[in-house]
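These notes concern the structure reproduced below.
Read-outs: derived from the displayed coordinates by stated rules, not from any lab. Keep in mind that what you see is a predicted model, and the values were worked out from it rather than measured. Backbone-built Cβ (ideal geometry, glycine too); neighbour counts: all protein chains shown.
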Amino acid sequence: MKKLLAMTAVAALTLSANVFAQEGEAVYNKACQVCHSMGVAGAPKSHDVAAWEPRLAKGVDALVNSVKTGLNAMPPGGMCTDCSDEDYKNAIEFMSK
């Protein structure tokens with residue numbers, strides 16, 4: 001019985017880890033930096049406040065929608081296959097400052 005309870009707890013913790021939003025820098029490092037570090041295909045460079053300003057003026061929700069549907073050379077979802085809307089928001093916040 002104790003083994004079953006322990007295994008259930010481990011499984012629950014493993015599954016619930018995916019529910020929490022990822023840190024913006026972690027999302028950037030695993031998926032966004034490929035293009036945003038050098039401005040590939042017109043992507044705004046990370047930490048270039050002036051480049052992000054007009055984009056942020058559209059609102060974060062509009063930017064998240066652009067990531068999810070794709071924009072110009074960026075494919076739908078960017079390069080992140082497991083990101084939630086919150087993950088995208090965190091990455092945008094990290095890159096735009």
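Bridging of residue 30 to aspartates and glutamates at a Cα separation below 15 Å is possible for 82, 87, once same-chain residues fewer than 8 apart are set aside.
Protection proxy ranking of 53-66, 20-33, by the mean of other Cβ atoms within 10 Å over each peptide's residues and highest first, is 20-33, 53-66. The modelled label-to-label distance between residue 69 and residue 41, using points 7 Å beyond Cα along the C-beta direction, is 1.7 nm.
Counted by Cβ distance under 12 Å from residue 46, the other residues give a net charge of -1, where Lys and Arg count +1 and Asp and Glu count -1.
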